[in-house]
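A short write-up of the structure that comes next.
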Amino acid sequence: NIPEWFDDFVWGTSGSPGELGWIQLGGSTSNLGSTDDHPGSVLVDVSIDGPAGYNALSSNQSCSLASGIYTFECVVILPVVDTVPDNYEAHIGFIDAPGIPLANEVCFVYNNTLNAGNWTGRVTVAGVSTDLDLGVAVTTDWVNLKIVISPGSVDFYIQGVLEGNIATALPTAYLYWMFYIQKLLDTNGQTEYIGIDAFYGKIELTNQRFF
């Protein structure tokens, strides 16, 4: 009675029974290629310059964070680590809708001008953000990221290690499970990416429903 979803992306984003359905919001999605360690993976990329350029791989259903414990876990890579002026932001987690600045989110965030290029934990409620420097530099290697949300608290794990906690009110807006990338300052047409190898999501309801 605990809803769970996964995606190994072996079949791209088409999904199979038990997987979370995905929709694309702008930009393009392509196959990143297969290796022994990462047999299925996709690229969410964007090449349009400036704030109009974004892309997202989003769940086709949203959820409320008011009813239990929520887990978002993934294996991702940022093949291009950002340098000015090729500036972009990557947001991985729960988001209500595209558009920088995001109005409501619980995410890992990367921007090379933010916290010296480290992964940042962020909770945004009605446009007001609480950020936490997680102290782990973003590299061009695959990394396991996990968010665990419980009432009034968010834990951020990197490579299985708890790197930080934000204790704050959570968004009341309905949020989507999302991988989001947006150009900020780039004017030379460089393409930016989020590579996704695997996804796992779980909701442990406060009041379980039995059938």
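The values are calculated or read from the model by the stated rules, or taken from the named source; none is laboratory data. On a predicted model such as this, the values are computed, not experimentally measured, just so you know. Counting neighbours? That spans all protein chains shown, and the Cβs are built from the backbone with ideal geometry, glycine included. The protein model used for the area step is the full one, side chains on, heavy atoms only, and it has no ligands, DNA or RNA in it. Shrake-Rupley method; radii C 1.70, N 1.55, O 1.52, S 1.80 Å.
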Original post:
Got a sec? What order do 5, 177 fall in by accessible area at 1.4 Å, biggest, i.e. largest, first?
Top reply: 5, 177
Original post:
With a sphere of radius 9 Å drawn around the Cβ of residue 70, what net charge do the other residues whose Cβ falls strictly inside it have (Lys, Arg +1; Asp, Glu -1)?
Top reply: 0
**OP:** Determine the per residue accessible area of the range 88-162 with all protein chains present and a 1.4 angstrom probe, expressed in square angstrom.
**Re:** 36 Å²
Subject >> Accessible-area composition of the range 92-171, carbon plus sulfur, in percent [1.4 Å probe] >> reply: 52 percent
**OP:** Order the peptides 88-100, 108-120 from the highest to the lowest mean number of other Cβ atoms within 10 Å of their residues.
**Re:** 88-100, 108-120
Subject >> Per-residue ³J(HN,Hα) for the range 104-109, Karplus 6.51 cos²θ - 1.76 cosθ + 1.60, θ = phi - 60°, Hz, x for Gly and Pro >> reply: 9, 6, 9, 8, 7, 10
